[in-house]
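A quick write-up on the structure given underneath.
Just so it is clear, none of the values below were taken in a lab; they were calculated from the coordinates. Quick caveat: nothing in here was measured; it's all calculated off a predicted structure. Because the Cβ atoms are built from the backbone with ideal geometry, glycine has one as well, and the counts that use them run over all protein chains shown.
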Amino acid sequence: MHSLTLVLAALVAYLLAYLTYGRYLGGRIFKLNDENKMPSHTLRDGVDYVPSKKHIVLGHHFTTIAGLGPIVGPAIGIIWGWLPAFLWVVFGSIFIGATHDFSAMVISARHQGKTIGELTGDLISPSTRLAFQVLIQFLLWIVVSIFALIMGVLLVMYPQAVLPVFLEIPLALWLGSRIRRGKDDTGASLLAVALLFVAIALGSYFPITLPALGGTPVISWSIVLLVYVFIASTLPIDRLLQPRDYINSHQLLIIMALMGLGVVVANPIISAPALNPAATAAGSDIPAMMPLLFITIACGAISGFHSLASSGTSVKQIKLETDMLGIGYGGMLLEGLLATIVIAAVAGGLGMGLEKDGTIYTGAAAFQQHYATWTSSQGLAPKIEAVVTGAANLMSSFGMPREFGRTMMAVFIVSFAGTTLDSAARIQRLSLQELCRNRYGSIARPVKNRYSATLIVILMAAALNFTKTGGKGALVLWPLFGALNQLLAALGLGVATVYLARKGKNILLAAIPMLFMLVMTVWAMAINLRHFLEVGDTLLIFLSLAIFAITAWITASVAICLRR
């Protein structure tokens with residue numbers, strides 16, 4: 001099979017899904033109606049609640065939920081073969097991921113823009129709300145910490161990306177000022193993107209590094225990034241975060257178009273196996289595909305973080321209720337398309353040429369060289385390198401210099417890690433304030449204003465990172481992240497199931513995906529727990545058991561609520 005066939009099949013599937021299943025959910029199940037007032041109007045505060053144009057919110061939402069997930073996930077998951085990765089990305093995003101994101105957004109919009117954790121108090125019980133909010137805070141603590149580390153590592157790996165990534169900030173501030181004054185945003189955003197690509201070219205000639213603190217420049221970059229995140233997360237959302245994401249969305253669409261053009265021009269044969277027999281061969285260190293495929297490929301199919309983005313920041317900017325179909329359901333399908341293109345880049349583009357230790361590998365040999373063992377494809381660098389090399393190969397087919405293509409992909413990846421980082425910090429601050437609100441609606445004084453609450457979020461991330469040499473403290477908790485993230489997705493679908501039950505709608509649309517994700521997640525958590533017991537990791541054993549207890553509590557609460 002050729003790569004173009006794969007991408008076209010996914011594109012047709014997503015278009016049909018949006019026009020049929022998506023519209024069915026929006027029209028028949030949730031009955032979207034623009035007569036219903038959105039929280040961006042009723043709670044408008046000029047900071048978090050800001051009514052904005054549909055395409056601008058879509059840009060923010062798309063880049064927030066995308067991040068590194070649909071890039072890194074497929075680059076690992078393809079080790080079991082391109083077919084299971086492709087099928088999970090396409091059908092998972094249509095029937096599970098998009099339903100999850102869209103329902104979280106709609107339910108939040110109809111409950112004063114509350115986050116998915118806070119919604120459990122209204123729909124299920126106050127005790128469930130507490131358990132869910134604690135789980136969310138733990139997940140976001142890991143996200144903010146690990147993405148500060150990841151971006152630091154990426155800026156060290158790709159110093160040519162530093163200049164364009166940081167020049168994007170003044171461009172976003174300029175674009176944000178125009179949007180706030182009601183000026184033309186389309187022309188201005190295209191100009192900003194054009195200037196960004198000029199900065200990418202300059203970055204190739206002027207790579208920037210920082211002096212090492214604590215023995216590594218990763219710590220230096222982590223400090224810089226956490227300071228930036230504090231500023232970005234406390235500014236009104238339409239001054240920096242929203243326009244920056246809007247510019248990134250243009251950048252993403254251009255990158256996707258260029259990679260798509262590369263697929264059309266080169267149309268490489270898929271050199272990766274449909275099913276990888278080496279994954280089950282005797283002596284192989286590659287773990288079983290079930291259930292880890294559904295944990296490894298998250299954002300391209302379904303991710304619990306998406307419900308936090310839908311109910312945390314995106315819903316607070318939407319002007320009309322009908323806009324949510326394109327933003328919530330359509331945004332997830334766009335991410336699925338990105339994940340499909342990444343699969344094509346790794347499955348086909350990588351086979352166009354992979355250099356390793358002075359030798360050029362092509363075709364199936366390139367795939368086997370990179371994915372020979374589970375260990376060889378682990379770590380951030382190998383995952384990113386597979387995508388960067390494959391994408392640069394595709395774009396070279398129509399004359400783009402490989403080095404410029406690699407730099408462009410590096411900027412793209414770092415920028416998207418940044419969108420996740422600053423959005424996650426803002427969402428954690430909002431969730432923390434909800435967690436610290438009493439039954440009378442008052443917020444505890446230490447987190448009452450956005451500056452003190454955000455400072456606590458940033459200090460928590462810094463404390464976790466800097467407890468280990470090299471600023472890698474977040475890696476201690478990283479083994480919990482994959483399953484915990486997908487657990488949050490299952491519980492988010494549980495909230496949607498309860499909501500549909502209360503409205504007298506077909507609960508199977510959310511309940512079946514919820515049960516599937518719950519089974520896969522608990523299965524994966526049990527595998528992880530067995531490993532933690534074998535190596536004697538007391539901290540991860542304790543945290544895993546605590547997460548199991550919270551999961552049982554919330555699941556039982558959902559079941560009791562449905563029975564009533």
With a ≥ b ≥ c the root eigenvalues of the C-alpha gyration tensor of the stretch 232-279, is it rounded (a/c under 1.5), prolate (a/b larger than b/c) or oblate?
-> oblate
For the chain, build the convex hull from the C-alpha positions and give me its volume per residue in Å³.
-> 144 Å³
Computed over the stretch 234-357: relative contact order in percent, which uses C-alpha pairs under 8 Å that are six or more apart = 42 percent
Return 63, 389 ranked ascending by Cβ neighbour count within 10 Å, so the fewest neighbours appear first.
-> 389, 63
Determine the relative contact order of the stretch 126-248: mean sequence separation of Cα pairs under 8 Å and six or more apart, normalised by residue count, in whole percent.
-> 37 percent
Mind checking the dipole of the stretch 495-564: about its Cα centre, +1 per Lys or Arg Cβ, -1 per Asp or Glu Cβ, Debye to the nearest 20?
-> 580 debye
Of the candidates 464, 497, 414, the farthest towards the positive dipole end of the stretch 414-503 (Lys/Arg Cβ +1, Asp/Glu Cβ -1, centred on the Cα centre) is 497
About the Cα centre of the stretch 167-311, what is the dipole size in debye to 20, counting +1 per Lys and Arg Cβ and -1 per Asp and Glu Cβ, all else neutral?
-> 380 debye
Unit charges at the beta carbon, dipole of the chain: most positive-side option, 119, 141, 333 = 119
By the gyration tensor of its Cα atoms, with a ≥ b ≥ c the square roots of the eigenvalues, what is the shape of the stretch 1-158: rounded for a/c under 1.5, prolate for a/b over b/c, or oblate?
-> oblate
Using only helices, what value at 222 nm comes out for the chain when you add -39,500 (n - 2.57) per DSSP H run of length 4 or more and divide by the total residues, to the nearest 500 deg cm²/dmol?
-> -22500 deg cm²/dmol
Of the options 346, 510, 6, report the single residue whose Cα projects farthest towards the positive end of the charge dipole of the chain (beta-carbon charges: Lys, Arg +1; Asp, Glu -1).
-> 510
Counting only residues 5 or more places away or on other chains, whose amide H sits under 5 Å from the amide H of residue 213 once H atoms are built in the peptide plane?
-> 219, 220
Mind checking which lysines have their Cα closer than 29 Å to the Cα of residue 183? Skip sequence neighbours fewer than 8 apart in that chain.
-> 37, 53, 54, 316, 319
Expected sort for 285, 101, 185 with the fewest Cβ neighbours (10 Å cutoff) up front is 285, 185, 101
Relative contact order (%) - the chain, alpha-carbon pairs under 8 angstrom, separation at least six | 29 percent
Using unit Cβ charges (K, R positive; D, E negative) and no other charged atoms, how large, in debye to the nearest 20, is the dipole of the chain about its Cα centre?
-> 1660 debye
